[in-house]
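The values are calculated or read from the model by the stated rules, or taken from the named source; none is laboratory data. Treat the numbers as computed from the prediction; the structure is a model and nothing was measured. Counting neighbours? That spans all protein chains shown, and the Cβs are built from the backbone with ideal geometry, glycine included. Heavy atoms of the whole protein, side chains included, go into the accessibility calculation; ligands, DNA and RNA do not. Shrake-Rupley method; radii C 1.70, N 1.55, O 1.52, S 1.80 Å.
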Amino acid sequence: MNQLPGQITTGSDGVAFEDVASDYSRLLLLRGVAALLFAFLVFFWPRLTITGLAMLWGGYSLVDGVLALVAAIRGRSGAPRLWLGLIGSAGLVCAGGTLFALDDVVAHLVGIISIWAITIGAMQVWAALELRKAVDGSWILVLDGLGALLFGLALAFWPDLRAEALLWLIGWFAAAVGSLLVSVGYWLRRTTP
């Protein structure tokens with residue numbers, strides 16, 4: 001494979017990391033803004049109930065899923081299209097579950113969010129370990145992944161939270177994830193041509 005000095009590739013196709021990062025910086029920014037909007041609504045929605053939280057979660061899952069699927073469809077070869085497709089499909093399934101089985105989602109909301117956070121956290125740690133060869137600062141993604149894992153495990157081992165505590169935990173987690181996604185997206189946009 002011919003490679004320019006200093007050019008980093010992401011896979012067997014030899015796609016430059018800079019090209020992939022440039023493509024996905026917008027995705028990270030949009031997903032981060034969606035998470036921040038979700039957090040804002042959780043914090044400032046007057047008298048938000050668990051049912052309302054489940055509906056907001058469904059809306060957030062829909063937006064996040066659509067963004068990930070569009071990125072998977074439009075992505076270049078060598079890019080993480082399979083993972084984006086899986087994340088997008090999971091988001092659409094969560095949104096569909098909220099639309100068609102709201103009572104079931106409400107009854108199992110803590111478990112659903114716990115499984116989602118553990119899965120996302122594990123995938124982010126894996127991605128960060130893969131990126132460590134190509135990017136300085138991949139430790140930020142490791143911290144975010146570990147934070148998601150810890151959040152998911154905390155929900156799994158502490159499922160009987162009072163509604164107010166659950167709202168605040170989910171709101172702060174969404175704010176942290178959204179802030180990180182926006183920061184990394186902005187950083188990638190600034191550091192790639």
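Figures for the structure shown
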item	result
Segment 27-61: number of residues that are part of a helix (DSSP H, G or I), over 22 Å from Val184 (Cα atoms) and without any contact (Cβ under 8 Å) to a residue 40 or more places away in the chain	5
Test for Ala101: is it over 21 Å from Ala176 (Cβ atoms) and either loosely packed, with under 15 Cβ neighbours inside 10 Å or of a type in the set (A, V, I, L, M) (or both)	yes
Residues being assigned to a helix (DSSP H, G or I) and surrounded by fewer than 20 Cβ atoms within 10 Å (Cβ to Cβ) - total across segment 72-83	5
Those residues of segment 151-179 which are among the aliphatic types (A, V, I, L, M) and within 17 Å of Ile118 (Cβ to Cβ), in sequence order	Leu153, Ala154, Leu155, Ala156, Leu161, Leu166, Leu169, Ile170, Ala174, Ala176, Val177
Residue match in segment 137-147 (condition: out of contact with any Phe, Trp or Tyr (no Cβ under 8 Å at 6 or more places or on another chain) and within 23 Å of Leu48 (Cα to Cα))	no
Any chance Gly75 is of a type outside the set (Lys, Arg), at pLDDT below 85, at negative phi and over 16 Å from the mean Cα position of the chain (by Cα)	yes
Residue that is most open to solvent (accessible area, probe 1.4 Å), among those in segment 140-193 that are β-branched (Val, Ile, Thr) and more than 21 Å from Gly58 (Cβ to Cβ)	Thr191
Subset of segment 46-58 (residues that are open to solvent by less than 60 Å² (accessible area, probe 1.4 Å) and over 18 Å from His108 (Cβ atoms))	Leu48
Total residues in segment 137-185, condition of a type in the set (S, T, N, Q) and in a loop (DSSP other than H, G, I, E, B)	1
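Residues checked against (1) closer than 15 Å to Ala174 by Cα; (2) crowded, with 16+ Cβ neighbours inside 10 Å:
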| position | (1), (2) |
| --- | --- |
| Phe44 | yes, no |
| Tyr60 | yes, yes |
| Val70 | no, no |
| Gly85 | no, yes |
| Cys94 | no, yes |
| Val106 | no, yes |
